[in-house]
Amino acid sequence: MKQLKTAAVAAITAAITVALLSGHSGNTHDNHSIAADPTTKNVRIGTFNLSFDRRSYADLVTEMKLTRVEQDALMDKWFNNTLNDEDKAVAEKVIQIKNIAAIIQTERPAVLLMAEFNNDGTGEDLEAIQGFRLNYLSVPQNALGSTADKVELLKPIQFGYAQSFATNTGLLSEFDLDHNGTVSLPGDAWGFGVYHGQYAFGVLSQYPIDTNNIRTFQNFKWKDMPGAANPTITNCNDANKPLPAGMTCGDNWYTDQAWAAKPMSSKNHVDAPIIIPTANGDKVVHLLLSHPTPPVFDTFTENNKQLNRAEIKFWNDYISGDASYIYDDAGHKGGIATDASFVILGDLNADPQSGDGYLDTIKDLLHSDKVNQYATHGVNIPTSLGGPECLAMGECKEQNWATRYPDSLTNTSGLRLDFVMPSADLNVTDSGVFWPASFEDGRLMMNDKRVGKWGGGGKSVSSDHRLVWVDIAL
């Protein structure tokens, strides 16, 4: 029976895909006419940490290049439990990707930041993103989840424009940053990663991306931020973590040479303008993109905690007029124009109420008069029913059970880590977090105990983060 279902789905998929793609070349500009309606008054903008952190970029490319026929063959064998261990591992990656695609097709953002979408390190190779667009997003997925017995097809979604960005993750420095006596990955990369390109991010858009005016800040130095200081050793008496040879309590962690070269961004900070046609002419909205390091995993210093604070404060300065110190990778100085519209997007790895980071830094950004405060901590804050249930059922971390705003969670840690912050001049009409509760459709995209080694949740079935979106009226 399952084989009949998947065969039928494949036939429908093929017909829809041909209809969608016929008459269009691979040129992304050709696809724009069918991707977005220029008369649309509401634009949905979202962020989603996809958890596509594979062992190599090549692994992700291979998974994304699997055709729907190849995916269905794997899925049939997975349902029938006839896969060997190696093929089962591939099938469960396909399950994850299909669920991610289904979530995107359900919420249908016109613009989406995709965090943890690995690339080649430079962002120039788009093979993985192109495979995701053609083999997963452009064909209908199951609204009930890729492992559901019943099939309810979603409408495919197309994005005429895509951009991937260079990253500091896995970019090997020339210094022994972790003081273990060797210069090697991942400990001596400018941003944590076992290879250059791991944990990178990219953008999909149904509107043109103004590539000529993108600003990146991959090489902006941490030392150049006002008040920045070389992290010092503060964890001095931990019997399980003896200090590196030759170092003592209170020492600077980085050598003078390493500190002078240390980038502020663990991945990249990007200002990517998009051009949205409206009845009153083109509207430019700047996407301010980043994925700061988590403020955890520190050993001898508070390096990650301090870096997370710097990466978030950077955007507050960039939008507030306190950006004279900032320079981009092309050497241009300053922040965003005071009259510019923007949306800050990303997994910021910081919760304003609890967690391990500096709460004041993310609070300052959320309460800035430059952002739409209805969307950051007011009536239009993105929420779900699945977040509170996650805490109530003990699926999210118990230590965060007492959060005051359980409906705004975006991560299985029980924290609000993922943000879409429009500028104050943008009118937000709706928002949400895709996190179905047990009584809502799509629950199998969040939890399926048959999948993976983490009890069928989190990265095994889709992601440990949730898609967050806001609707903006233009």
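The values are calculated or read from the model by the stated rules, or taken from the named source; none is laboratory data. The model shown is predicted, which means the values in this text are computed figures rather than measured ones. In this analysis, Cβ positions are derived from the backbone assuming ideal geometry, glycine residues included, and neighbour counts consider all displayed protein chains.
Please go through segment 353-385 and give me each residue that is within 18 Å of residue 47 (Cα to Cα) and not in a helix (DSSP H, G or I), ordered by number.
371, 372, 380, 381, 382, 383, 384
For the list (1) surrounded by fewer than 21 Cβ atoms within 10 Å (Cβ to Cβ); (2) touching a helix residue (DSSP H, G or I) at 6+ places or on another chain (Cβ under 6 Å); (3) closer than 24 Å to residue 276 by Cβ, I need the number of the one condition that residue 376 fails.
Residue 376 satisfies all of (1) surrounded by fewer than 21 Cβ atoms within 10 Å (Cβ to Cβ); (2) touching a helix residue (DSSP H, G or I) at 6+ places or on another chain (Cβ under 6 Å); (3) closer than 24 Å to residue 276 by Cβ except (1).
Being touching a Lys or Arg at 6+ places or on another chain (Cβ under 9 Å) and free of Cβ contacts under 8 Å to residues at least 12 places away in the same chain is the filter here, so list the residues in segment 355-371 that pass it.
Result: 360, single match.
Which pairs have Cβ atoms under 9 Å, sit 6 or more apart or on different chains, and link a residue in segment 319-330 that is free of Cβ contacts under 8 Å to residues at least 24 places away in the same chain to one that is exposed (fewer than 13 other Cβ atoms within 10 Å of the Cβ) and outside any loop (DSSP other than H, G, I, E, B)?
Close Cβ pairs (under 9 Å, with a partner that is exposed (fewer than 13 other Cβ atoms within 10 Å of the Cβ) and outside any loop (DSSP other than H, G, I, E, B)) amount to 323/333; 324/333.
In this structure, is residue 358 crowded, with 22+ Cβ neighbours inside 10 Å and not hydrophobic (A, V, I, L, M, F, W, C)?
No; evaluated as a whole, the condition is false for this residue.
Just checking, which of 66, 83 is without any contact (Cβ under 8 Å) to a residue 24 or more places away in the chain and either out of contact with any Gly (no Cβ under 6 Å at 6 or more places or on another chain) or assigned to a loop (DSSP other than H, G, I, E, B) (or both)?
Of 66, 83, the one residue that is without any contact (Cβ under 8 Å) to a residue 24 or more places away in the chain and either out of contact with any Gly (no Cβ under 6 Å at 6 or more places or on another chain) or assigned to a loop (DSSP other than H, G, I, E, B) (or both) is 83.
Quick one: would you say residue 323 is under 22 Å from residue 201 (Cα atoms), touching a Lys or Arg at 6+ places or on another chain (Cβ under 9 Å) and among the small types (Gly, Ala, Ser)?
No: the conditions fail for residue 323.
Quick grid of which residues meet (1) under 30 Å from residue 282 (Cα atoms); (2) modelled with pLDDT of 95 or more; (3) over 21 Å from the mean Cα position of the chain (by Cα):
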position: 383; (1), (2), (3): no, yes, no
position: 395; (1), (2), (3): no, no, yes
position: 401; (1), (2), (3): no, no, yes
position: 426; (1), (2), (3): yes, yes, yes
position: 468; (1), (2), (3): yes, yes, no
position: 473; (1), (2), (3): yes, yes, yes
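Suppose we keep only residues that are over 16 Å from the mean Cα position of the chain (by Cα) and not in a helix (DSSP H, G or I) within segment 122-140. Which one would you say is surrounded by the most Cβ atoms within 10 Å (Cβ to Cβ)?
139
Considering only residues that are modelled with pLDDT of 95 or more and touching an Asp or Glu at 6+ places or on another chain (Cβ under 6 Å), look in segment 35-53 and name the one that is farthest from residue 195 (Cα to Cα).
44
Since residue 411 meets every condition but one in (1) buried (at least 22 other Cβ atoms within 10 Å of the Cβ); (2) of a type outside the set (D, E, K, R); (3) in contact with a helix residue (DSSP H, G or I) (Cβ under 6 Å, 6 or more places away or on another chain), which condition does it not meet?
(3)
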